[in-house]
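The values are calculated or read from the model by the stated rules, or taken from the named source; none is laboratory data. Computed from a predicted structure; not experimentally measured. Because the Cβ atoms are built from the backbone with ideal geometry, glycine has one as well, and the counts that use them run over all protein chains shown. Surface accessibility is based on the protein's heavy atoms, side chains included, excluding ligands, DNA and RNA. Shrake-Rupley method; radii C 1.70, N 1.55, O 1.52, S 1.80 Å.
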Amino acid sequence: MMIAAKRLTLRTLTSAIALLAVGGAVTPAATIGAPVVQAQSKPAPAPGSNPLFRDKFTADPAPLVVGDRLYLYVGHDEAERDQMFNMRDWLVYSTTDMKTWTDHGSIMKVSDFKWAKQDAWAAQTIEKNGKFWFFATVEHDATHPGKAIGVAVADKPTGPFVDAKGTALITNEMTPKGTHSWEDIDPTVLTDDDGTTWIAWGNRQAYIAKLKPNMIEIDGPIREITPPHFEEGPWLHKRGGLYYLTYASLDRKTHRDERISYSTATSLDGPWTHRGELTGSGKDSFTIHPGIAEFKNNWYLFAHNASLTIGELKGSIGRRAVTAEHLQYDTNGLMKPVVQTDAGISVPPPSD
């Protein structure tokens, strides 16, 4: 904002000198009597531009549409200095227009799973049988070492969520093929047209299984469905007659940071057809994590990068920021490549 020009009187000049004498500051001017300009604040970001949330570091977005509102469940990055990850609870935001978001705060802490010891990693919530089911990654205690997946339940999408089982749904020893202790992470859940709910998850190996109607037990065998360059972060969704398995991919021979790739199938039983990359890497980020939803006749791809700075804390592997982009499909039902931008969904999607 520009302040009208005025000449300094002896009184104002004396006051300025007094301020300097005690360590104060005055607005600099080239000469006495020159216009005084107030420092301009940075323009507010356009609604829908990236990152979506700028007061906290957030990651691993998982959208859920309930009526005319979209809820976005996110991890809460609190890494300090050179910490890799420090995640202790999960947050949720909601919107009715993809522009203005309501912060509902923390909906659950990792300590709410009494059998878990740390790491509130990626999660997803779905609605079924009038309740909201929250599937989340944690580090199990010493009774079942390694990453595990728990399930919590609530009567409302904003919680409070409570452990629905009292024990882990999936533990490391249930998938013995993996060579590392963190392969059982990043659950994604989808209820098929016949009412059966499926869960997929994994790191390096991708797995899928059915859930029993009670939502807290695996129903039948766990199958491996690892697509090319699968790293982590699977996401299941359906559009028309196609099922989509979208995930964080990493081809270590060609790039160092994760990208988003996907496969399609005409049944959750497979077979899955690899469709290649959907996006490049997130800005300044090794990890990326897709979440996809249709909301008010528009499709959106949520992800994260590490472009946000809050105070003296810059983005990093453990300080990420959730983003959103328009998602479009071609006439064959395949997803069109998405370019990640700062403008995000604040601008209309590209025209066909």
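A few comments on the model shown:
- From phi via Karplus (6.51, -1.76, 1.60), per-residue ³J(HN,Hα) for segment 144-150 in Hz, x at Gly/Pro: 9, x, x, 6, 8, 10, x
- Ordering 306, 270, 249 by Cα displacement along the dipole of segment 225-316 toward the positive end leaves 270 in first place; charges were set at the Cβ atoms of Lys, Arg (+1) and Asp, Glu (-1).
- Length added when fully stretched, residue 158-residue 84, from 0.36 nm per residue minus Cα-Cα: 23.8 nm
- Segment 276-352 - percent of accessible surface contributed by carbon and sulfur, probe 1.4 Å: 50 percent
- Estimated from helical segments only, the mean residue ellipticity of the chain at 222 nm is -1000 deg cm²/dmol, where each DSSP H run of four or more residues counts as -39500 (n - 2.57).
- Shape descriptor for segment 195-299: Rg over Rh equals 0.99 (Cα atoms; Rh from the Kirkwood inverse mean 1/r).
- The value for segment 284-352 of Rg(Cα) / (2.2 N^0.38 Å) is 1.25.
- Distance between modelled label sites at residue 100 and residue 174, nm, 7 Å Cα→Cβ extension: 4.2 nm
- 3J(HN,Hα) from dihedral phi, segment 219-236, Karplus parametrisation 6.51/-1.76/1.60, rounded to Hz, x for glycine, proline: 10, x, x, 8, 10, 8, 9, 4, x, x, 6, 5, 10, 5, x, x, 9, 9
- Compared with the dominant Cα axis of the chain, that is its longest principal axis, helix 10-21 is turned about 50°.
- Rounded, prolate or oblate (a/c below 1.5 giving rounded, otherwise prolate when a/b exceeds b/c) for segment 41-190 by Cα gyration tensor: oblate
- Per residue, the solvent-accessible area of segment 172-309 (1.4 Å probe, heavy atoms of protein chains only, all protein chains present) comes to 41 Å².
- The listed peptides 282-291, 86-95, ordered by packing as a protection proxy, come out as 282-291, 86-95 (highest mean of other Cβ atoms within 10 Å first).
- Computed on the Cα atoms alone, the convex hull of segment 245-289 gives a volume of 73 cubic angstrom per residue.
- Scattering profile of the chain at q = 0.09, 0.12 Å⁻¹ [log10 I(q)/I(0), Debye over alpha-carbon scatterers]: -0.52, -0.83
- Less than 5 angstrom separates the built amide H of residue 77 from those of 57, 58, 59, 320, all sequence-distant by 5 or more or on a different chain.
- In this structure, the amide hydrogen of residue 192, modeled 1.01 Å from its nitrogen in the peptide plane, lies closer than 5 angstrom to those of 197, 198, counting only residues at least 5 positions away or on a different chain.
- Over segment 230-352 - Rg/Rh using Cα atoms and the Kirkwood inverse-distance radius: 0.98
- Taken over segment 160-233, the ratio of Cα radius of gyration to 2.2 N^0.38 Å equals 1.12.
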